[in-house]
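J.: Please see the structure below; I have some questions.
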Amino acid sequence: MDGRTIGAGPAELVCHCLLVELPGRLVLVDTGFGRGDVDHPVPRLHPFYLGLLRPRLAGAQTAAARIRQLGLSPAEVTDIVLTHLDFDHAGGIEDFPRARVHVLERELQAACRRRGFVARGRYRPMQWDGSVAWEPYGVEGEPWFGFSAVRDLKGLPPEILMVPLAGHTAGHAGIAIDTGPSWLLHAGDAYFFHEEMNPEQPRCPIGLRGYQALMEVDRQARLANQHRLRRLVRDHGGAVRVFCAHDRHDLDRLRNVRSYQAAA
Ligand SMILES: [Zn+2]
């Protein structure tokens, strides 16, 4: 789903979800905004963020609608794996009532506590306080390209991993998918602009820098994880394709790659 700009300049943000095809079922990585957000932006979304981001909410751009446009059924989505629970990633959860929702436990705790103005605005329980089948995880895991990775997600093949990347939120994670020839890493909101991953000269427009600073819960961890991601791109760019949730350039780069058959 397209969004609008933040701060200085006419930047356009997108909500980049991934759909993974497994034999007989689908796995969705992040849900973007959902039908409920389109129909009832107020009160589901906080007025501060509605004013700041001015999202263009459209039913045809929800993940469920996109899945139907591919000739598939949202009812086939058995699992949702979330980078985090911000309103622009969790809004579509209830469009997939059969799905289990995999998330880091720290994130679920932070979203339930909602301490402070930013937390109350970013975590919107109306999006997920129904009968969600949560699958929460700790942050321990086996090494993965220099990161720790949470393996053995319940009921999912080992080709789908959660890579803890705290900083933007307490329980923020990247989601890694082994597509066979290479890995994909959905880095969520670990960074916002593709040139932030330039190992030589990282760059980010001032408006997006400001937004990341506004939303961070742990600056040191966030910047350290960005540094690790840059090293990953520099040292393993051929083996791992890294992208973030809101960058139009990243979406266009990967748009022709629509689905993956994990070798389960
Ligand atoms: Zn986001």
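J.: Among the residues of the range 131-189, count how many are under 18 Å from H236 (Cα atoms) and among the aromatic types (F, W, Y).
T.: The qualifying residues number 4.
J.: Do any helices (runs of 4 or more DSSP H) entirely within the range 86-128 hold 1 or more residues that are more than 16 Å from the ligand (Cβ to nearest atom), and if so, which?
T.: Values: elements: 87-90, 105-113, 117-122.
Helices (runs of 4 or more DSSP H) meeting the threshold: 105-113, 117-122.
J.: Listed residues E200, E196; which is among the acidic types (D, E), surrounded by fewer than 24 Cβ atoms within 10 Å (Cβ to Cβ) and away from the ligand (no atom under 16 Å from the Cβ)? Steps first, answer last, please.
T.: Values: E196 fails: away from the ligand (no atom under 16 Å from the Cβ).
The match here is E200.
J.: Name the residues in the range 121-135 that are within 21 Å of D39 (Cα to Cα) and open to solvent by 40 Å² or more (accessible area, probe 1.4 Å), would you? Show your work before the answer.
T.: So in the range 121-135, the residues within 21 Å of D39 (Cα to Cα) come out as 121-132.
M126, D129, G130, S131, listed by residue number.
J.: State all residues of the range 138-171 that are closer than 20 Å to R100 by Cα and either over 19 Å from the mean Cα position of the chain (by Cα) or in a loop (DSSP other than H, G, I, E, B) (or both); if no residue qualifies, say none.
T.: Residues satisfying the conditions are G138, V139, R151, D152, L153, K154, G155, L156, P157, P158, E159, G171.
J.: Sort out which residues of the range 172-196 are more than 17 Å from the chain's Cα centre (by Cα) and not acidic (D, E), and write them in order of number.
T.: T179, G180, P181, S182
J.: Could you list, in sequence order, the residues of the range 203-242 that are in contact with an Asp or Glu (Cβ under 6 Å, 6 or more places away or on another chain), surrounded by fewer than 21 Cβ atoms within 10 Å (Cβ to Cβ) and within 21 Å of H172 (Cα to Cα)?
T.: From the range 203-242, those in contact with an Asp or Glu (Cβ under 6 Å, 6 or more places away or on another chain) are 203-204, 222; that's our starting set.
Filter once more, keeping what is surrounded by fewer than 21 Cβ atoms within 10 Å (Cβ to Cβ): 203-204.
Matches in the range 203-242: C204 only.
J.: Considering only residues of the range 60-90 that are closer than 25 Å to A133 by Cβ and free of Cβ contacts under 8 Å to residues at least 40 places away in the same chain, which is most open to solvent (accessible area, probe 1.4 Å)? Quick ask: steps written out before the conclusion?
T.: Step one: filter the range 60-90 for residues closer than 25 Å to A133 by Cβ, giving 62-68, 70, 72-90.
Cutting the leftovers down to free of Cβ contacts under 8 Å to residues at least 40 places away in the same chain gives us 64-65, 68, 73-75.
Working: A64: 7, A65: 13, R68: 144, S73: 43, P74: 18, A75: 55 Å².
Only one residue tops the list, namely R68.
J.: May I ask you to verify whether R114 is open to solvent by 30 Å² or more (accessible area, probe 1.4 Å) and within 26 Å of P55 (Cβ to Cβ)? Before the answer, list the steps.
T.: Values: open to solvent by 30 Å² or more (accessible area, probe 1.4 Å): yes; within 26 Å of P55 (Cβ to Cβ): yes.
The answer is yes for R114.
The values are calculated or read from the model by the stated rules, or taken from the named source; none is laboratory data. Keep in mind the model is a prediction, meaning the values are calculated, not measured. Every residue, glycine as well, gets a Cβ built from its backbone with ideal geometry; the counts of neighbours run over all protein chains shown. Heavy atoms of the whole protein, side chains included, go into the accessibility calculation; ligands, DNA and RNA do not. Shrake-Rupley method; radii C 1.70, N 1.55, O 1.52, S 1.80 Å.
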